[in-house]
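Remarks on the structure that follows.
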Amino acid sequence: MREGYLQHNDQGRYEIPNITYFTSGEPIQLLVNGNWIMGRIEYSHSKGDYYFLNEEERIYIYNLSGIKAREVN
């Protein structure tokens, strides 16, 4: 799995620079408090930005810039 730190690209989506970008519904893992958490990227129309969602544990994470992530194959 390829990993790196998320940032916004020119289209407003989150990306791991020079690796991949994520859009609504795509699976992703985030490193949170030393643990990799599985979830997906979704878009919030009210906030005008993408966020991370893990439905099982009801984890919502906004402002993803600078968070370590990896793509899920």
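The values are calculated or read from the model by the stated rules, or taken from the named source; none is laboratory data. The model shown is predicted, which means the values in this text are computed figures rather than measured ones. Ideal geometry is used to build each Cβ from the backbone, glycine not excepted, and the neighbour counts take in all protein chains shown.
Would you confirm whether or not the range 48-55 contains a residue that is in contact with a strand residue (DSSP E or B) (Cβ under 9 Å, 6 or more places away or on another chain), modelled with pLDDT under 95 and not small (Gly, Ala, Ser)? Steps first, please.
First, the residues of the range 48-55 that are in contact with a strand residue (DSSP E or B) (Cβ under 9 Å, 6 or more places away or on another chain): 49-55.
If we keep only those that are modelled with pLDDT under 95 too, we end up with 55.
After this cut, where a residue has to be not small (Gly, Ala, Ser) as well, the list is 55.
Yes, the range 48-55 contains a residue that is in contact with a strand residue (DSSP E or B) (Cβ under 9 Å, 6 or more places away or on another chain), modelled with pLDDT under 95 and not small (Gly, Ala, Ser).
I need every pair where a residue in the range 55-67 that is in contact (Cβ under 8 Å) with a residue 24 or more places away in the chain has its Cβ under 7 Å from the Cβ of a residue that is in a loop (DSSP other than H, G, I, E, B) and not polar (S, T, N, Q), sequence separation at least 6 or different chains.
Close Cβ pairs (under 7 Å, with a partner that is in a loop (DSSP other than H, G, I, E, B) and not polar (S, T, N, Q)) amount to Leu64/Leu6; Ser65/Leu6; Gly66/Leu6; Ile67/Leu6.
Name every residue in the range 27-54 that is free of Cβ contacts under 8 Å to residues at least 24 places away in the same chain, within 21 Å of Glu3 (Cα to Cα) and of a type outside the set (Phe, Trp, Tyr), in order of residue number.
Asn33, Gly34, Asn35, Ile37, Gly39, Arg40, Glu42, Leu53, Asn54
What strands (runs of 3 or more DSSP E), lying completely within the range 24-63, carry at least 3 residues that are over 18 Å from His8 (Cβ atoms)? It would help to see each step written out before you state the result.
Numbers: elements: 27-32, 35-44, 49-54, 59-61.
By residue number, 27-32, 35-44.
Using beta carbons and a limit of 6 Å, which pairs, at least six apart or on different chains, have the first residue in the range 1-13 and farther than 18 Å from Ser24 by Cα and the second one aromatic (Phe, Trp, Tyr) and modelled with pLDDT of 95 or more?
As it stands, the answer is none, since no pair meets every condition given.
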